[in-house]
Amino acid sequence: MQEIIRDREKAISSIMKQRSSLYGEPALEIKPLTVDFDETKIMIDGELQYYDQPPVNEAGTILVPMRGIFEKLGASVEWNEREQSITGKKAGRRSS
């Protein structure tokens, strides 16, 4: 698992360098996010995170509190009751 995380970090670093060369600064910042599958904990930038809803391991699938993580990363989160969907926004970018 640690090897997969290291590979992911290398890939993100490479992508960010490419984005910077294509689009200039500031490129979209991606902060390191770690989910520990043994203890089911969340760390962002090396800081252990605590949320009202803790992460849950359901049969090997880790469910995390999306709102808390997005807000910690500087994004806003909107809930659409009618569509039952969530949209995260940061610096003019959207993710659903």
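Around residue 67, what is the net charge, scoring Lys/Arg as +1 and Asp/Glu as -1 over all other residues with Cβ under 12 Å from its Cβ?
Its environment carries a net charge of -2.
Within the set of other residues whose C-beta is less than 12 Å from the C-beta of residue 14, count the net charge using Lys and Arg as +1 and Asp and Glu as -1. Let's see the in-between values first.
Working: positive: 8, 10, 17, 19; negative: 7, 9.
Around residue 14, the surrounding residues sum to +2.
The numbers here are math on the coordinates, done by the rules we state, and not lab data. The model shown is predicted, which means the values in this text are computed figures rather than measured ones. Here Cβ is always computed from backbone atoms with ideal geometry, including for glycine, and neighbour counts include all displayed protein chains.
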